[in-house]
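The values are calculated or read from the model by the stated rules, or taken from the named source; none is laboratory data. This one's a predicted model, so the numbers in the text were calculated from it and none came from an experiment. Virtual Cβ from ideal backbone geometry, glycine too; neighbours counted across all protein chains shown. These area figures cover heavy atoms from the full protein model, side chains too; ligands, DNA and RNA do not enter into them. Shrake-Rupley method; radii C 1.70, N 1.55, O 1.52, S 1.80 Å.
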Amino acid sequence: MASIAARARPVAISTDLSVERKLAGINIFIAFAALAVGGLMGVLQILRYNGLDLYTPAKPILPGGYYQGLTVHGVLNVLVFTTFYIIGFLTYIFTKSLGRPLASSRLAWATLWVMVSGLVLAAIPLLTNNATVMFTFYPPLKADSLFYIGLTLVVAGTWLLLVNMILTRNAWKADNPGQITPLPAFMAIVTMLMWTISTIGVASEMIFLVIPWSLGLVGGTDPVLARTLFWFTGHPIVYFWLLPAYISWYTLVPEQAGGKLFSDPMARVSFILFLILSLPIGMHHQVADPGISEMWKLVHAIFTFGVFFPSLLTFFNVVASLEYAGRRNGGEGWLAWIFNLPWGKPEISAQIVAMMLFAFGGIGGLVNASYNINLVVHNTSWISGHFHLTVGTAVALSFMGITYWLVPHLTGRKLWSRSLGVTQAWLWFIGMGLFSHFMHELGLRGMPRRTDIGGAPYVQDEWRFFLFFAMIGGLIMFVSAIFYYFNMIMTLTRGKKLAEVPDFNFAKTLSGPEDAPKILDRLLVWVTVAAIILIINYLPTILDILNTATFDVPGRRVW
């Protein structure tokens, strides 16, 4: 009887998140180290556009010149910075929300070391000018095999986190029967589910096409199939970047602003819609590609418009939450409540101005998705302007804003300067506003992207005016980045040690999880729906390409 009673006692659940704190800190450190190097390459590019060539004196470090710098900029900022930051952030937010550590600490550390091993392998050819293929690595441009193998390991490492999340959520469900998953944990696991499904495309490209080709095991490859598999992942990855920022906007910013989240159920619906609709839309990047049916290009364009709907839900829900906070702080009038938000908090100012600029990025995205208008802006600097509003602001600036409270929380050191953080956020807002606007303008005037404009003989006089102001914007962002890194370095080295580590709370809700239908928490149902739609939208095209593919295109190295 005593043994039966002992087994009947509830098992104490550990709330020690020390491993998750360490993992978050290491991942975020790697992420911002990558951003620093990649961002510096961006400065060299915008100076080169205006005839100021710093690539020549940097030739011992960057023998590939402009295109190597462009590749480093893209790979480190778009792939390394985002992926490592997101894995660290989601690891901690997920476990903090559930109030328990990950199910397997060994698997958690394995996630980090697989990703770091992949990063090191990819960095070797990248930094030695043996992988100057830009972050899209389209064949027939051919990199050293270590580059492809390394990036594949980085992606495979992220899958391990999803496995750990599923095990952890299942254990939480067993201990909390009938309860709905807390909103931050729900959002984190939906993000990883969407990401893992989407990476089937790029993983297939790497494993079956590019790695054997780069190793010389096969004589050629098929660029159309490779591009299709890349964009299978390539546009959903945008939401992999955005959704962690959304998690902060939904579950942390309202609390930090002194308010509440407007609607928990609406937030869950928006994330489920992102899971379903953000996957079958990659072909809108391929409107100019041959060998793909116009019908399926149009279908993907329609789904791209569809994924704008959960973005609108996010806009409404987050702005309503901020309005509640502003009015609670004494704000009145239709819009005057905005001035009663706590703009003196850098974590608030950085993320709100990121939201403001992202609104323009979302509108520009509708142009990119339009089947006919896309042909006007395709492969012009319009795309660069749009890209910097999304990943360069909504994502990067939000991630910076998050660190203004997260780094003190993880390290127990007070932020060195709140005012410098606020100044940094507004400088980024001004600089990016200038840079992105004039890059859009240049795109409408036909300036190509991913091109060494500084060395091109066809630069038009009207471009020079816009290039100058794009450079001014880029340099303002560079100053903003210096302010950010200086603030972080001073926080880590000179920040006042706090007697008690500052904790944080997730936002309470005006309409809570008890109002959410139970079906929203049945993730297997929504993953199945997403998989069916994805198969319908991609399988006919992939089979058609396979039927006509010749796999005889050799590799090219033009640098």
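Among the residues of the stretch 335-350, those that are farther than 26 Å from Pro408 by Cα and either open to solvent by 50 Å² or more (accessible area, probe 1.4 Å) or without any contact (Cβ under 8 Å) to a residue 12 or more places away in the chain (or both) comprise Leu335, Ala336, Ile338, Phe339.
Condition check: open to solvent by 10 Å² or more (accessible area, probe 1.4 Å), in contact with a strand residue (DSSP E or B) (Cβ under 8 Å, 6 or more places away or on another chain) and farther than 20 Å from Leu242 by Cα. Does Leu102 satisfy that? Considered against the rule, which asks whether it is open to solvent by 10 Å² or more (accessible area, probe 1.4 Å), in contact with a strand residue (DSSP E or B) (Cβ under 8 Å, 6 or more places away or on another chain) and farther than 20 Å from Leu242 by Cα, Leu102 comes out as no. Set side by side, the residues Val353, Val367, Val377, Val395 differ, and just one is modelled with pLDDT under 95 and surrounded by 20 or more Cβ atoms within 10 Å (Cβ to Cβ), which is Val377.
For (1) of a type outside the set (A, V, I, L, M); (2) loosely packed, with under 15 Cβ neighbours inside 10 Å; (3) at negative phi, each residue gets a yes or a no:
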{"residue": "Gly454", "(1), (2), (3)": "yes, no, yes"}
{"residue": "Phe466", "(1), (2), (3)": "yes, no, yes"}
{"residue": "Ile472", "(1), (2), (3)": "no, no, yes"}
{"residue": "Leu475", "(1), (2), (3)": "no, no, yes"}
{"residue": "Phe483", "(1), (2), (3)": "yes, no, yes"}
{"residue": "Lys497", "(1), (2), (3)": "yes, yes, yes"}
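I'd like to know if the stretch 46-56 contains one or more residues that are within 16 Å of the chain's Cα centre (by Cα) and at pLDDT 95 or above. The answer is no, given that none of the residues of the stretch 46-56 is within 16 Å of the chain's Cα centre (by Cα) and at pLDDT 95 or above. Restricting the search to helices (runs of 4 or more DSSP H) fully inside the stretch 219-334 and requiring at least 3 residues that are open to solvent by 10 Å² or more (accessible area, probe 1.4 Å) and in contact (Cβ under 8 Å) with a residue 40 or more places away in the chain gives 223-234, 236-251, 264-277, 294-306, 308-328. Going by the conditions given, is Gly74 within 24 Å of the chain's Cα centre (by Cα), surrounded by fewer than 22 Cβ atoms within 10 Å (Cβ to Cβ) and under 30 Å from Met187 (Cα atoms)? Yes.
Return the residues of the stretch 140-188 that are open to solvent by 30 Å² or more (accessible area, probe 1.4 Å) and among the aromatic types (Phe, Trp, Tyr); say none if nothing qualifies. Of everything in the stretch 140-188, just one residue is open to solvent by 30 Å² or more (accessible area, probe 1.4 Å) and among the aromatic types (Phe, Trp, Tyr), namely Trp159.
Considering the stretch 406-448, and only residues there that are of a type in the set (Phe, Trp, Tyr) and within 30 Å of Val459 (Cα to Cα), the residue that is most open to solvent (accessible area, probe 1.4 Å) turns out to be Phe429.
Residue check: is Phe469 in contact with a Phe, Trp or Tyr (Cβ under 7 Å, 6 or more places away or on another chain), free of Cβ contacts under 8 Å to residues at least 60 places away in the same chain and not small (Gly, Ala, Ser)? Yes, satisfied.
Among residues of the stretch 518-540 being in contact (Cβ under 8 Å) with a residue 24 or more places away in the chain and open to solvent by 70 Å² or more (accessible area, probe 1.4 Å), the one that is farthest from Met134 (Cα to Cα) is Lys518. Candidates are the residues of the stretch 541-559 that are within 30 Å of Leu273 (Cα to Cα) and out of contact with any helix residue (DSSP H, G or I) (no Cβ under 7 Å at 6 or more places or on another chain); the one that is surrounded by the most Cβ atoms within 10 Å (Cβ to Cβ) is Asp544. Here's a check for you: in the stretch 23-59, which residue that is assigned to a helix (DSSP H, G or I) and of a type outside the set (A, V, I, L, M, F, W, C) is farthest from Tyr138 (Cα to Cα)? My answer is Gly25.
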